[in-house]
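Contents: one structure, followed by commentary.
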Amino acid sequence: MKIRGFLEDLIKRMLAGEASRIGNTLEIQNIHGRVALEGTDWESEVASMDEFLSSLGLSLKKKHEEEEYHYSFLKYALLQKVRAVRYFHDQGIDSRKLVVFSEDCISLIQWLSRPQLKQNHLNVYIRSSDVVGLLGVDLLFVYDIYLEMLREHPEIADYDGFLNVWVSSAHIYWDDAKGVPTTRDGQEIKVQ
């Protein structure tokens with residue numbers, strides 16, 4: 001529900017006039033947000049996001065299936081990076097080197113655990129995001145990576161957790177003729 005809150009706040013800001021017209025989109029550049037993960041759980045976050053996307057006429061399941069290959073690549077790349085850094089550099093889960101890159105929309109993910117502060121950070125840089133059509137699904141996915149890191153490393157599971165997100169181009173597709181937000185392919189979205 002915290003992840004949904006982050007998404008809803010961003011959509012409200014965009015529709016309230018903070019966004020600029022760029023081509024057929026409303027866009028805000030260089031968004032940064034932090035979601036404190038204390039008190040969150042996977043089932044509640046998924047149910048809340050599914051309810052929200054359904055209210056817009058979108059399917060969480062369908063979007064996840066479309067993006068699943070990319071999500072799997074990033075998750076296993078980060079898990080493998082932890083193993084490689086341990087093997088090649090003799091550094092643990094608190095290494096600054098736990099970074100993976102992609103040329104896709106989710107361009108960078110960094111795990112940053114700080115035992116002395118009892119904090120875990122999953123830092124995510126997204127170069128471009130369809131805020132209504134995909135960002136919520138992307139955020140759930142990176143939350144899943146966060147949870148997977150805790151399963152793999154239970155010694156840090158009780159630390160405070162944060163999802164830090166940067167989006168270079170946060171956009172909503174827009175139909176000028178109707179004056180409404182749409183999906184990338186032109187389907188009208190029912191934003192309340």
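Within region 144-161, if we keep just the residues that are farther than 14 Å from LYS2 by Cα, of a type outside the set (Asp, Glu) and in contact (Cβ under 8 Å) with a residue 60 or more places away in the chain, the residue that is surrounded by the fewest Cβ atoms within 10 Å (Cβ to Cβ) turns out to be HIS153. Among residues of region 76-120 being in a loop (DSSP other than H, G, I, E, B) and within 16 Å of the chain's Cα centre (by Cα), the one that is surrounded by the fewest Cβ atoms within 10 Å (Cβ to Cβ) is GLU103.
Restricting attention to region 135-143, does a residue exist that is buried (at least 21 other Cβ atoms within 10 Å of the Cβ), of a type in the set (Gly, Ala, Ser) and under 23 Å from THR25 (Cβ atoms)? Yes, there is a match, as at least one residue in region 135-143 is buried (at least 21 other Cβ atoms within 10 Å of the Cβ), of a type in the set (Gly, Ala, Ser) and under 23 Å from THR25 (Cβ atoms). Of all the criteria given as (1) within 20 Å of LEU53 (Cα to Cα); (2) assigned to a strand (DSSP E or B); (3) more than 12 Å from the chain's Cα centre (by Cα); (4) among the small types (Gly, Ala, Ser), the one not satisfied by SER168 is (1).
Checked against the criterion of being in a strand (DSSP E or B), of a type outside the set (A, V, I, L, M, F, W, C) and either modelled with pLDDT of 95 or more or in contact with a Leu (Cβ under 8 Å, 6 or more places away or on another chain) (or both), region 142-160 contains one or more residues that satisfy it.
Within region 10-37, being of a type in the set (A, V, I, L, M) and more than 17 Å from SER128 (Cα to Cα) holds for LEU15, ALA16, VAL35, ALA36, LEU37.
For region 178-192, a residue qualifies if it is out of contact with any Phe, Trp or Tyr (no Cβ under 7 Å at 6 or more places or on another chain), under 13 Å from THR25 (Cα atoms) and either in a strand (DSSP E or B) or hydrophobic (A, V, I, L, M, F, W, C) (or both), and exactly one does: VAL180. As an exercise: evaluate LEU60 against (1) closer than 16 Å to VAL137 by Cα; (2) modelled with pLDDT of 95 or more and give the number of the one condition it does not meet. The single condition LEU60 does not satisfy is (2).
Conditions (1) surrounded by fewer than 19 Cβ atoms within 10 Å (Cβ to Cβ); (2) among the polar types (S, T, N, Q); (3) more than 17 Å from the chain's Cα centre (by Cα); (4) under 23 Å from SER107 (Cα atoms), marked per residue:
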| residue | (1), (2), (3), (4) |
| --- | --- |
| GLN29 | yes, yes, no, yes |
| ARG34 | yes, no, no, yes |
| SER44 | yes, yes, no, no |
| SER54 | yes, yes, yes, no |
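Within region 136-182, the residues that satisfy the criterion of being of a type in the set (Phe, Trp, Tyr) and under 30 Å from SER20 (Cβ atoms) are PHE141, TYR143, PHE162, TRP166, TYR173, TRP174. Among residues that are in contact with a Lys or Arg (Cβ under 9 Å, 6 or more places away or on another chain), within 17 Å of LEU163 (Cα to Cα), without any contact (Cβ under 8 Å) to a residue 60 or more places away in the chain and charged (D, E, K, R), ASP94 is included.
The values are calculated or read from the model by the stated rules, or taken from the named source; none is laboratory data. A quick note: this is a predicted structure, and the numbers were derived from the prediction, not measured. FYI the Cβ positions are ideal-geometry reconstructions off the backbone, even for glycines, and counts take in every protein chain you see.
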